[in-house]
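Just below is one structure, and these are the notes that go with it.
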Ligand code: MSP
């Protein structure tokens, strides 16, 4: 592991995505959030590691492969190659690893984990009868079901997928989840931010208080065999969720590279959609406790992107491909929009009109124009060389105070995973600088040589404010801020602590050219 300048490590994860279909913007949303958090920590100087990947076993993938007249492994290979890996480029994710659950490093260590739980008495053989939803890959209780509509009228359907569940009766292996009720409640008590946001925490706590049932963790191969063999009984394969959750530790060396494992585990934050919160906040910590491993420090359940008031999903044909947005607006705008427009933790709706309006007002006119006109004025009035400031007046000190506060507030907001708040805090500086320029009118000062010193102070103040913005916005908009940093002649790595400290730009620095960061988009390219 590379050592970090400040010695801390930060490990974040996304869910691993089913390869039954190509990604839509809901999947991209999770990826971007986890990436922004990780990039922020990296920019603090921490050894920050982001894991993402794909969930490739189970009945759902097998059925999709069969429907497409191919083998599940070939199907998964094709989707990972053509859709899931390219997604990371499309939305500019800086992940340190990508795990696939069909890789040997995963499969053999899942077996080690299972064997350990079996040997220590946490797994037993029993039989079960229940309603299974293949879409969720989960047994459903009566409370999870609703009355079907249309073609499914008169049947009980899964509330998430609105499709009928299937009655299953099997002899399986069970994990003694019911034994962990007290320890889980103690965990939520002792670490009140283990599950966030608060609404998610409350839901999980009341779910566990109602009591837990043991969990079926295998399926008989007589039904289907696309999964990891149960090590002591090869007539069974591992339940796909039990297999999938373990990716968070197999990817970082569980079972084979203890030093790497210890350098990253426990994860600092596991970002998941609220649909899969119980798996992560109930089953997963219980599995870890059973194996004598530490639980993650936090599980954050974010909201859904909605279309017509419902969760966007490919199976309901409401999915929008991320490239539909990035082809026109670029990856920075995609990242900014979803992180700023939706309070992280709550549901939100996407609309082309809102995206386009924010792109033009907040990015092109707000931030982009501020950067280009400030640099253009230094080029015009000082031949591109940053002037030394004269004595600061009240208004200049006010800009410095806003920069310091924006920096402190955004860092604190990231600490509590309030990404929208962090961006909001940074935007106080964008607004302050735009206002400052409007009031100070450097183009008027430039007309009179007697104002040379004042002009120097105003432009120095603007440029040093831009330096803070380049640093604080880098985790959200890596491409635009890299261009800005290069024009300002600054480095972005390990700089969060310096963002709010005034005077980072050396007078005498020669500025580079800056192309428009967010060019205007003609309206016929929008709203397709
Ligand atoms: N494979 C499981 C997760 C296993 S993790 C050990 C799975 N995969 S998934 O592909 O169906 O969805 C994974 C995640 O995608 C969701 O938890 C959520 O983070 C994200 N989203 C999928 N649809 C979404 C929306 N409409 N809105 C926001 N996020 C969405 O579940």
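When you scan segment 155-174, do you find a residue that is assigned to a helix (DSSP H, G or I), closer than 30 Å to residue 32 by Cα and out of contact with any strand residue (DSSP E or B) (no Cβ under 7 Å at 6 or more places or on another chain), even just one?
Keep residues of segment 155-174 that are assigned to a helix (DSSP H, G or I), which gives none.
Taking every residue of segment 155-174 in turn, none turns out to be assigned to a helix (DSSP H, G or I), closer than 30 Å to residue 32 by Cα and out of contact with any strand residue (DSSP E or B) (no Cβ under 7 Å at 6 or more places or on another chain).
Taking residue 283, is it away from the ligand (no atom under 12 Å from the Cβ) and in the same structural domain as residue 66 (by TED's automatic domain parsing)? Don't jump to the end; show me each part of the working.
Working: away from the ligand (no atom under 12 Å from the Cβ): no; in the same structural domain as residue 66 (by TED's automatic domain parsing): yes.
Taking the combined requirement at face value, the residue does not satisfy it.
When residues of segment 202-246 are filtered for being more than 31 Å from the chain's Cα centre (by Cα) and buried (at least 21 other Cβ atoms within 10 Å of the Cβ), how many remain?
Going through segment 202-246 one residue at a time, the tally reaches 3.
I'm trying to understand the selection: among the residues of segment 428-456, which are farther than 20 Å from residue 406 by Cβ and either outside any helix (DSSP H, G or I) or in contact with a helix residue (DSSP H, G or I) (Cβ under 7 Å, 6 or more places away or on another chain) (or both)? Walk me through how you get there before you give the answer.
From segment 428-456, those farther than 20 Å from residue 406 by Cβ are 441-456; that's our starting set.
441, 442, 445, 446, 447, 448, 451, 454, 455, listed by residue number.
Is segment 316-324 home to any residue that is out of contact with any strand residue (DSSP E or B) (no Cβ under 6 Å at 6 or more places or on another chain) and under 24 Å from residue 241 (Cα atoms)?
Looking only at segment 316-324, we keep the residues that are out of contact with any strand residue (DSSP E or B) (no Cβ under 6 Å at 6 or more places or on another chain), and these are 316-317, 319-324.
Next cut, under 24 Å from residue 241 (Cα atoms) only: 316, 319.
Yes, because at least one residue in segment 316-324 is out of contact with any strand residue (DSSP E or B) (no Cβ under 6 Å at 6 or more places or on another chain) and under 24 Å from residue 241 (Cα atoms).
Given the criteria within 12 Å of the ligand (Cβ to nearest atom) and out of contact with any strand residue (DSSP E or B) (no Cβ under 9 Å at 6 or more places or on another chain), does residue 294 qualify? Lay out the reasoning, then the answer.
Values: within 12 Å of the ligand (Cβ to nearest atom): no; out of contact with any strand residue (DSSP E or B) (no Cβ under 9 Å at 6 or more places or on another chain): yes.
No, not satisfied.
Conditions tested, residue by residue: (1) within 13 Å of the ligand (Cβ to nearest atom); (2) at pLDDT below 95; (3) more than 20 Å from the chain's Cα centre (by Cα).
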| site | (1), (2), (3) |
| --- | --- |
| 298 | no, no, no |
| 301 | yes, no, no |
| 314 | yes, yes, no |
| 323 | no, no, no |
| 328 | no, no, yes |
| 332 | no, no, no |
| 335 | no, no, no |
| 345 | yes, no, no |
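The values are calculated or read from the model by the stated rules, or taken from the named source; none is laboratory data. This one's a predicted model, so the numbers in the text were calculated from it and none came from an experiment. Heads up, the Cβs are rebuilt from the backbone with ideal geometry, glycines too, and the neighbour counts pull from every protein chain shown.
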